[in-house]
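Participant: Before we start, here is the structure in question, set down as structure tokens.
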């Protein structure tokens, strides 16, 4: 991993460049009105290329007053290289500035088990779900 070329950017709006990536999961995770409930977006760049994104809602996606990481995504070609871990660590740290409540994260992919096990003690509640396509 080339850490000196990595940078993260916390914003109040989603970077529309994410939609140019033409990945099915981006539409599921950040499409429609799904991102409208989000308060913050953390963009991960490698140089000028957007390679990952996480989104956070203080009130939760369902507005149940439960802070939630609503969307979390790393481009497939950058997975299993430490970028997901970096983005999740930074997401938890940055989002903690806005709340001290436990964070919730709904996970669709079984591929995140190993990564999420590293964060069990960070007041992160994981809910696994499946999606029918």
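The values are calculated or read from the model by the stated rules, or taken from the named source; none is laboratory data. This structure is a prediction, so every number in the text was calculated from the model and none was measured. Cβ: placed from backbone, ideal geometry, glycine included. Neighbour counts: every protein chain shown.
Participant: So is residue 123 modelled with pLDDT under 70 and farther than 20 Å from residue 38 by Cβ or not?
Facilitator: So residue 123 fails the test.
Participant: Right, next: Only one residue in 29, 87, 53, 75 is modelled with pLDDT under 85, surrounded by 16 or more Cβ atoms within 10 Å (Cβ to Cβ) and within 17 Å of residue 107 (Cα to Cα). Which one?
Facilitator: Testing whether each residue is modelled with pLDDT under 85, surrounded by 16 or more Cβ atoms within 10 Å (Cβ to Cβ) and within 17 Å of residue 107 (Cα to Cα) leaves just 29.
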